[in-house]
Amino acid sequence: MRAAVYRRFGGPEVVTAEGLPRPEPSKGEVLVRVLASTVGASDVAARSGTPWFARLAFGPARPRIRVLGSDFCGRVVALGPGARRFSVGELVFGATNAAMGGHAEYVVVGEGGAVERVPEGIDPVRAAALVDATAMSFLEETAGLRAGQRLLVNGASGAVGSAAVQLAKVTGAVVTGTSSAANVGFVKSLGADVAVPYSDQAAVAGAGPFDVVFDVAGKLGYRRARRLLEEDGLYMTTVPSFAILVQAAWTRIVGRRRAVIAFTGLRPEARVAADLRTTAELARRGVLDAPVEASYPLDRVAEAHRHAEGGKRGHVVLTLG
């Protein structure tokens, strides 16, 4: 099979299409012919080896995992012994989580894990982008977001941010989304009650105070976000840093405003599977979509990485079928 392989940390050019042995399913597993897989922030961090926490997860000197990609969509082509949940030919989507491996023509997944049938009418590229291992976890588990609460999504036009806006509106929250000036209209189209440019800090403050600030890209920071929060408000980010680790520990003890970070890639597979079932249902109901800005064939994987790390509107997807 062909796969996107990298053997050293560096720029997008270190990822190339190569031939690898095709995996085979073991007991309770299914073999999926991958048709599409997203290229997201975790893939960019793993490939570049930056920021610092990426080396803790992917290797201090050289990559431990050679094939990246977690979110995928494809067709079941073979069943391991005892596997009965899916049939050969079914279109499925799912997440391999920390194991990665989705940027390859074939991937093996446990049939009881984070894999579901694709809702009718959704194409493979869109289905791969629908897989969400971050936004739902942060809003439901970390924030416990409730109807009527005010949420600020800082970085609302990207993959995680666009999902967060839609999911928060399903919950019944009042959502303010920030983005570049060029993407304000796009954020509004996702359902945000208020959409403003990052640069318009007066407008951001005017939409608050907020019960929850979700700093998707980690560029706002707790010190600035603190002024936007209610007295018992919550700041949360996806981006690890020394500052947020200290702030998370400190705010558990002092004051009522809290700062938190969650490592969604380390969540139990059962929780990711539950989120995927919810995602499938929301997609069937037509209340959740996954905007895709661009898709690239496997031979252009370096371009896909370059696009993903340069900022995007929604998702960048690698196509393999």
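The values are calculated or read from the model by the stated rules, or taken from the named source; none is laboratory data. Keep in mind that what you see is a predicted model, and the values were worked out from it rather than measured. As a convention, Cβ positions derive from the backbone with ideal geometry for all residues, glycine included, and neighbour counts pool all protein chains shown. Protein only, heavy atoms only, side chains kept; ligands, DNA and RNA dropped before computing areas. Shrake-Rupley method; radii C 1.70, N 1.55, O 1.52, S 1.80 Å.
Given the range 73-226, what percent of its DSSP beta bridges are antiparallel, to the nearest 5? That works out to approximately 30 percent antiparallel.
Once the other residues with Cβ under 14 Å from the Cβ of VAL77 are scored (Lys, Arg +1; Asp, Glu -1), what is the net sum?
Values: positive: ARG22, ARG33, ARG75; negative: GLU24, GLU29, GLU90, GLU105, GLU111.
Result for the neighbourhood of VAL77: -2.
Apolar share of the accessible surface for the range 81-163: 47 percent from carbon plus sulfur atoms, 1.4 Å probe. When shorter helices are ignored and each DSSP H run of at least 4 residues is given -39500 (n - 2.57), the per-residue value for the chain at 222 nm works out to -7500 deg cm²/dmol. Estimated at the nearest 10 Å², the accessible area of MET1 is 50 Å² with a 1.4 Å probe.
Per residue, the accessible area of the chain comes to 43 Å² when a 1.4 Å probe rolls over the protein heavy atoms. Considering only LEU91, ILE122, SER37, the residue lying farthest towards the positive end of the dipole of the chain is SER37, judged by Cα position with unit charges set on Cβ. Under 5 Å between amide hydrogens, built in the peptide plane, is the criterion, and for VAL260 it picks out TYR235, MET236, THR237 among residues at least 5 positions away or on other chains. Once each part is reduced to its C-alpha centroid, what is the distance from the range 23-101 to the range 185-253 in angstrom? That distance is 31 Å. Of the residues VAL67, VAL30, the one with the largest accessible area comes first in the ranking VAL67, VAL30, computed with a 1.4 Å probe on protein heavy atoms. With N the number of residues in the range 105-230, Rg(Cα) / (2.2 N^0.38 Å) evaluates to 1.15. Evaluated over the Cα positions of the range 30-115, the convex hull gives a direction-averaged projected area, one quarter of its surface, of 5.6 nm². Derived scalar couplings between HN and Hα for the range 203-215 equal 5, 4, 4, x, 7, x, x, 10, 6, 9, 10, 9, 8 Hz in order, rounded to whole Hz, by the Karplus curve 6.51 cos²θ - 1.76 cosθ + 1.60 (θ = phi - 60°), x for Gly and Pro. Only beta bridges with both residues in the chain are counted; by DSSP, about 50 percent of them are antiparallel. Ligands, DNA and RNA excluded, the heavy atoms of LYS169 present near 70 Å² of accessible surface to a 1.4 Å solvent probe.
Counted as membrane-span-like here are DSSP H helices of the chain whose alpha-carbon atoms extend 18 Å or more along the helix's own axis and whose Kyte-Doolittle mean is 1.0 or above; these are 159-171.
According to the Cα-based calculation, Rg over Rh for the chain is 0.97, with Rh computed by the Kirkwood formula.
When a 1.4 Å probe is rolled over the protein heavy atoms, the share of accessible surface on the range 181-321 that falls to carbon and sulfur comes to 52 percent.
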